[in-house]
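Let me begin by presenting the structure, written as structure tokens, before commenting on it.
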Amino acid sequence: QVQLVESGGGLVQAGGSLRLSCAASGNFFSINAMGWYRQAPGKQRDMVATITSGGSTNYADSIQGRFTISRDNAKNMVYLQMNSLKPEDTAVYYCNAVISARNWAVARPYWGQGTQVTVSS
């Protein structure tokens, strides 16, 4: 069984910083891409940033230059460093990982439970 557990959310003032962490655990063969998504109240879940197993990254335009995604393959972890936070960054942030449970299995996405990030003005 695969689990993704996020940590690091909280309340911060505009202009501040937070670092989110996500740990993948359980019995699986490999992790492909990992990423962060967010969902504000009444809105759809949107991609924030993704990173491949080789380190290639992709960012949403709205957070370009302010957020940095990174991962530690040895620890099965992905991070999101968020700087210059704005009130519009307020949302529940979800960790995502595309994982192959077995070497013969098709990789599929897994989701964490989400962590709340609130940015006050």
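Specify whether the C-alpha gyration tensor of the chain places it in the rounded, prolate or oblate class, a ≥ b ≥ c being the square roots of the eigenvalues: rounded for a/c under 1.5, otherwise prolate if a/b is larger than b/c and oblate if not. If you can, show how the numbers build up before the last one.
Numbers: a/c = 2.11, a/b = 1.89, b/c = 1.11.
Cα axes put the chain in the prolate bin.
How do Leu4, Leu11 rank by accessible surface area computed with a 1.4 Å probe, from largest to smallest?
On the way: Leu4 10, Leu11 135 Å².
Heavy-atom accessible area, descending, gives Leu11, Leu4.
If contacts are Cα pairs under 8 angstrom and at least 6 residues apart, what is the relative contact order of the stretch 1-57 in percent?
Working: 69 pairs, mean separation 15.3, N = 57.
Result for the stretch 1-57 is 27 percent.
When you count, for each residue, the other Cβ atoms within 10 Å and take the mean per peptide, how do 89-99, 14-24, 55-65 rank with the highest first? The partial results should precede the final answer.
Numbers: 89-99: 21.3, 14-24: 17.1, 55-65: 12.5.
Order by mean packing, descending: 89-99, 14-24, 55-65.
What do you get for trypsin sites (Lys or Arg not before Pro) in the stretch 30-121 restricted to DSSP loop and a cutoff of at most 10 other Cβ within 10 Å of the site's Cβ? Present the calculation step by step, with values, prior to reporting the outcome.
Numbers: sites: Arg38, Lys43, Arg45, Arg66, Arg71, Lys75, Arg102; in loops: Lys43, Arg45, Arg66, Lys75, Arg102.
Answer by residue number: Lys43, Lys75, Arg102.
Using R₀ = 30 Å, calculate the FRET efficiency as 1/(1 + (r/R₀)^6) where r is the Cβ-Cβ separation of Asp61 and Trp111; round to 0.05.
On the way: r = 23 Å, r/R0 = 0.77.
Working from the Cβ atoms, E equals 0.85.
For the residue pair Met47 and Asn83, what label-to-label distance in nm results when each label sits 7 Å from Cα along the Cα-to-beta-carbon direction?
According to this spin-label approximation, the distance is 2.4 nm.
Scan around Thr90 for amide H atoms under 5 Å from its own, H built in the peptide plane at 1.01 Å from N, and keep only partners 5 or more places away or cross-chain.
Val119
Suppose a student asked you for the relative contact order of the chain, using Cα pairs under 8 Å spaced at least 6 residues apart; what percent would you report? Please report the intermediate quantities before stating the final value.
On the way: 312 pairs, mean separation 43.6, N = 121.
Averaging sequence separation for qualifying contacts and normalising by length gives 36 percent for the chain.
The values are calculated or read from the model by the stated rules, or taken from the named source; none is laboratory data. Computed from a predicted model, the values in this text were never measured in an experiment. Glycine also receives a Cβ, built like all others from the backbone with ideal geometry; neighbour counts cover every protein chain displayed. With ligands, DNA and RNA removed, areas are computed over all heavy atoms of the protein, side chains included. Shrake-Rupley method; radii C 1.70, N 1.55, O 1.52, S 1.80 Å.
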